[in-house]
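Notes for the one structure printed next.
The values are calculated or read from the model by the stated rules, or taken from the named source; none is laboratory data. Please read these numbers as outputs of a predicted model, since none were measured by experiment. So basically every Cβ, Gly included, is an ideal-geometry build from the backbone, and we count neighbours across all protein chains shown. Side chains included, ligands, DNA and RNA excluded: accessible areas come from the protein's heavy atoms. Shrake-Rupley method; radii C 1.70, N 1.55, O 1.52, S 1.80 Å.
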Amino acid sequence: MSTLRVGVLAYPGCFASEVFGVPDLLTMATHVAGPGGPGYEVSIVSPRRRVAASGGAALDVAPLREVDVLVVPGFELLPSLDVDAKLAPLAPEVAAIRSHAAAGSVVVSICVGAFLLAEAGLLDRRRATTAWLLADELARRCPEADVRPECLVVTDTGVTTTAAFSAMYDFALDLIRRHSGAGVARTTARVALVDDARSSQTPYVDTRLLPQAGNSFSHQVMRRLDQDLAARYDLAALSDTFKVSTRTLLRRFAEETGQSPLEYLQSSRVRRARHLLETTNRTVASISAAVGYRDPSTFAALFAKHAGQRPRDYRAAFRRAD
């Protein structure tokens, strides 16, 4: 079998251990397979010249290159953190992920790296997983994905997602099994003291760590708003849907999220508009209407407030190359 080219995408704030975990296990597998066995050519790549991982650890990176498999590590993310704020500075990485997928590379996320794949549009109409602690958030942000929070590793048409942290080893062993054979994978697992018989992350779920039950109200409101981003914002109708007063809806939503339903809707509309600007030829006016704004100038001002650039400038910077 030929050498498999594996690239690990390093980016600011990524978990350093998730950058090196898969390459280290592949190195062990190469030793286990011995001379003449199928090998792995692994590189740490980035669209940036310098990358500091979590904890400020400096990483040596190479320029982006053609690979067979692109691995996207995770980053620090807690239910209380602002996902949009975490992802906003990573537009170059999102563009790189999308470009590699378009070129035919298998794309793999480790843990919450799935949120970067979702931002790149790779999880739409695909089965996926991520850390159980954040699976609901991924499902909310990417309603077109079929999120499977119980799964350790999910592969769907060229895109693989994994559960939290140590699931990188479940993925790596599966990759070794496919490329080097079951015997090499089994021996590598023994050498590394890695469990090669896990099938679910359900036994690891600790419900005490999940967001409090009260958060389900705000999540329901969010899902309702996400169902039709182009619909006119009607607070009274929204309140009627949940059989509460407008005052109660605003209070409960603010208590659980720190923002109003309208503020959430605006950020969700901008997130959808960014995706359309990056991946389609639709005009700015058409995209504006698709996310609920009849006046393109109003939309452009709101977009600039959230994304830091006006729509046309954003498209010029991050539009996917055909």
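Some observations on this one:
- Whole-Hz ³J(HN,Hα) from phi, Karplus 6.51 cos²θ - 1.76 cosθ + 1.60, for region 33-40, glycine and proline x: 5, x, x, x, x, x, x, 9
- Sorted largest first by accessible area at a 1.4 angstrom probe radius, with every protein chain in place, the residues Phe165, Phe171 fall in the order Phe165, Phe171.
- Within a Gaussian network of the chain (alpha carbon springs, distance under 10 Å), most fluctuating of Gly121, Gly292, Gly258: Gly258
- Dividing the radius of gyration of the alpha carbons in the chain by their Kirkwood radius gives 1.00 for Rg/Rh.
- Computed from the C-beta positions of Arg50 and Arg319, the FRET efficiency with R₀ = 25 Å rounds to 0.50.
- Taking 0.36 nm per residue of sequence separation and removing the Cα-Cα distance, the Asp60/Ala85 pair yields an extension gain of 6.5 nm.
- Protein-only accessible surface at a 1.4 angstrom probe places the residues Asp84, Asp240 in the order Asp240, Asp84, largest first.
- Accessible area (Å², per residue) of region 60-107, counting only protein heavy atoms and a probe of 1.4 Å: 43 Å²
- With DNA, RNA and ligands ignored, accessible area of Thr246 (1.4 Å probe; Å², nearest 10): 60 Å²
- Cα coordinate range in region 1-151, projected on the principal axes (Å, largest first): 47, 32, 27
- Average Cα contact separation per residue, region 253-322, under 8 Å, 6 or more apart, as relative contact order %: 28 percent
- Between Ala289, Ala118, Ala145, the GNM of the chain built on Cα springs shorter than 10 angstrom shows Ala289 fluctuating the most.
- Quarter of the Cα convex hull surface for region 250-322, i.e. its orientation-mean projected area (nm²): 5.1 nm²
- Square roots of 5 times each gyration tensor eigenvalue, C-alpha, region 37-96, largest first, Å: 25, 13, 13
- Using heavy atoms of the protein chains and a probe of 1.4 Å, the accessible area assigned to Leu209 is about 110 Å².
- The chain: angle of helix 296-307 to the longest principal axis, Cα-based, in degrees nearest 10: 50 degrees
- Dimensionless Rg/Rh of region 175-322 - Kirkwood Rh, Rg from C-alpha atoms: 1.18
- What the Cβ-Cβ distance of Ala304 and Tyr204 gives, at R0 = 51 Å and to the nearest 0.05, is a FRET efficiency of 0.75.
- Where labels lie 7 Å past Cα in the beta-carbon direction, separation of Ser245 and Leu229 in nm: 3.4 nm
- Rg over Rh for region 143-251 works out to 1.20, both radii taken from alpha-carbon positions and Rh defined as the Kirkwood radius.
- Rg and Dmax [Cα atoms of region 70-153; Å; Rg one decimal, Dmax integer]: 11.8, 36
- Annotation: Thr202 carries an accessible surface of approximately 80 Å², with a 1.4 Å probe and no ligand, DNA or RNA atoms counted.
- Comparing mean-square fluctuations of Ser268, Ser239, Ser17 from a GNM of the chain with C-alpha springs under 10 Å, the top value falls on Ser239.
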